[in-house]
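Read-outs: derived from the displayed coordinates by stated rules, not from any lab. None of these values were measured; they are calculated from a predicted model. Cβ: placed from backbone, ideal geometry, glycine included. Neighbour counts: every protein chain shown.
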Amino acid sequence: MKKVLSLFLTLCVALGALPALAQEAAPATLEDVLSRLDVAYAHRVTKAISELGDNPDVGNRSSGSAAERQAAELIASELKDMGFDTVNTERFTADTWSFNRGRVYYNDESGAEQFIALDKKLHEIYDAFTDRFFAFDYEDNLIFTFEMNEWNIDALEAAIAALEAGDGETAYNDCFSGVDYNWYAYSFSAETYAYMLSKMNNNAEGTWGEGMIRYPGENLWTVIRAVAEKLETENADYSAEIAALQEALER
C-alpha cells in the first residue's frame with residue numbers, strides 16, 4: 001500500500017493533479033501522512049523517470065518520443081509489480097516537435113574533432129545565473145535571493161523591538177511567523193516541526209527537497225512557545241527571548 005500511495009502522489013505531482021487531492025479528507029497528522037508513504041521508493045521512481053531523455057544534448061522527453069513511451073512503460077511495469085491485474089497503455093495522437101541539436105565543432109590540439117553542445121552550455125549558464133540571483137520562498141514564489149534575508153531581518157528586528165517594549169502580543173501575532181518557516185511552529189510539536197525543517201533545510205538525501213534549499217532556516221519554536229506562555233503575565237520578562245532573537249539576527 002505504501003508503494004501504491006507513493007507512486008500515485010509521484011504521478012499527481014508530475015501531472016499537476018494535487019489540487020484535486022486537496023479536496024479529499026486529509027490524515028490528521030504529519031506522522032500519519034508519512035507512515036503511509038514509501039518516500040525512498042517514490043524518489044527512486046521519480047529519478048528513473050527523470051533520467052529518460054531522447055536527446056543527448058538537452059535530455060528532453062517530448063510528446064510522442066521514444067523516451068516518453070519508455071516512461072509510460074516504466075510506470076506500467078511498476079503497477080504490474082505491485083499486483084494490479086489490469087494495466088494498459090493507450091495510444092493517442094498529439095501535435096509535437098523534437099529538437100535535434102545545436103553544436104559548435106572544433107579541432108583540439110591533437111587535431112581530433114570535438115564539439116560544444118550549445119543548448120546544454122546555455123542551460124548550464126542559465127542554471128548558474130538563476131542559482132546566484134533567484135530563489136523560491138516557502139510558498140514557491142520566485143524571489144531574489146536577498147529578499148528572504150531582508151524579510152527575516154525586518155521580522156526579527158520588529159520582534160525584538162516589541163519584546164523590549166513589553167509587547168509580547170505583537171511579537172507573537174505579527175512578527176515570528178515572518179521568519180522563514182516559523183508559522184508552522186505555532187501548530188506542531190517541537191519534534192514534528194524539527195523534522196519538517198530537517199527535510200526542507202538539510203537537503204536530506206532521498207527526499208523531495210534534496211539540494212533545493214542551501215541555507216539553514218531559523219528555528220524559533222522555543223522562543224515562540226516561551227512568549228506564548230508569558231502573554232497573560234503582567235510585566236513579563238522577555239530578556240531570554242530577546243537574547244535568542246539577537247543571536248538569530250546575527251546569523
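Order 167-176, 109-118 from most to least packed using the mean count of other Cβ atoms within 10 Å.
Per-residue Cβ counts within 10 Å, averaged per peptide and sorted highest first, yield 167-176, 109-118.
Order of 75-83, 221-229 by packing, highest average Cβ count within 10 Å first?
221-229, 75-83
Which far-off residues, 5 or more places away or on another chain, put their amide H under 5 Å from the one on ARG103, with H placed in the peptide plane?
Amide H neighbours of ARG103, under 5 Å, 5+ apart: LEU118.
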